[in-house]
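So the structure is just underneath, and the comments pick up after that.
The values are calculated or read from the model by the stated rules, or taken from the named source; none is laboratory data. Quick caveat, the model's predicted, so the values are computed rather than measured. Don't worry about glycine lacking a Cβ; one is built from the backbone with ideal geometry, like all the others, and counts go over all protein chains shown. Remember, those area values only see protein heavy atoms, side chains included, never the ligands or the DNA or RNA. Shrake-Rupley method; radii C 1.70, N 1.55, O 1.52, S 1.80 Å.
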Amino acid sequence: MFKKVDANISWNYIAGIKEWISAVKAFHEIPDHHTFDLQVNYPLPRDMRVSIGVMNLGDRQPPFVENSGSDGYDNSTHDMLGRNYYVRLAKSF
């Protein structure tokens, strides 16, 4: 029954950096950030496929960034959504 099911897990890694905080004339260390995504796929009749997934499986929040403005994270590098789910239906032509 489940012979056609396939699954994958993705590891997302963002290396940590040091940012310069001019107000205190010191560096602030931003740690590495790791998240995992999981997706399960199942083929359907008529060349269709359904996928169900979870992004940021561990619900990890991005690290604090001092020079980011009011939101406290680097929105050009990280995502504040936390864990989120999706369902996708695809058809091949």
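Select from the range 6-50 the residues that are among the acidic types (D, E) and within 16 Å of P63 (Cβ to Cβ) and list them in ascending order.
Those that are among the acidic types (D, E) and within 16 Å of P63 (Cβ to Cβ): E19, E29, D32.
Could you list, in sequence order, the residues of the range 39-66 that are free of Cβ contacts under 8 Å to residues at least 40 places away in the same chain and among the basic types (K, R)?
Within the range 39-66, R60 is the sole residue that qualifies.
Do you know which residues across the range 61-93 are among the aromatic types (F, W, Y) and open to solvent by less than 100 Å² (accessible area, probe 1.4 Å)?
Within the range 61-93, Y73, Y86 meet the criteria.
Please find, among F27, F36, the residue that is open to solvent by 50 Å² or more (accessible area, probe 1.4 Å) and under 17 Å from T77 (Cα atoms).
Among F27, F36, only F36 is open to solvent by 50 Å² or more (accessible area, probe 1.4 Å) and under 17 Å from T77 (Cα atoms).
Taking the range 69-93 only, how many residues are more than 11 Å from the chain's Cα centre (by Cα) and assigned to a loop (DSSP other than H, G, I, E, B)?
Within the range 69-93, residues that are more than 11 Å from the chain's Cα centre (by Cα) and assigned to a loop (DSSP other than H, G, I, E, B) number 10.
Is it fair to say V24 is in contact with a strand residue (DSSP E or B) (Cβ under 9 Å, 6 or more places away or on another chain) and on the phi < 0 side of the Ramachandran plot?
It is false that V24 is in contact with a strand residue (DSSP E or B) (Cβ under 9 Å, 6 or more places away or on another chain) and on the phi < 0 side of the Ramachandran plot.
Select from the range 44-60 the residues that are surrounded by 14 or more Cβ atoms within 10 Å (Cβ to Cβ) and not charged (D, E, K, R) and list them in ascending order.
Selection gives S51, I52, G53, V54, M55, N56, L57.
Search the range 1-18 for residues being assigned to a strand (DSSP E or B) and in contact with an Asp or Glu (Cβ under 6 Å, 6 or more places away or on another chain), and hand back the single one that is least open to solvent (accessible area, probe 1.4 Å).
Taking the candidates together, the pick is S10.
If you check every pair at least six apart or on different chains, which have Cβ atoms under 9 Å apart with a residue in the range 11-27 that is free of Cβ contacts under 8 Å to residues at least 24 places away in the same chain first and a residue that is open to solvent by 100 Å² or more (accessible area, probe 1.4 Å) and of a type in the set (K, R) second?
Final answer for the pair search is F27/K18.
Hey, any hits in the range 53-76 for a residue that's at pLDDT below 90 and among the β-branched types (V, I, T)?
Yes, the range 53-76 contains a residue that is at pLDDT below 90 and among the β-branched types (V, I, T).
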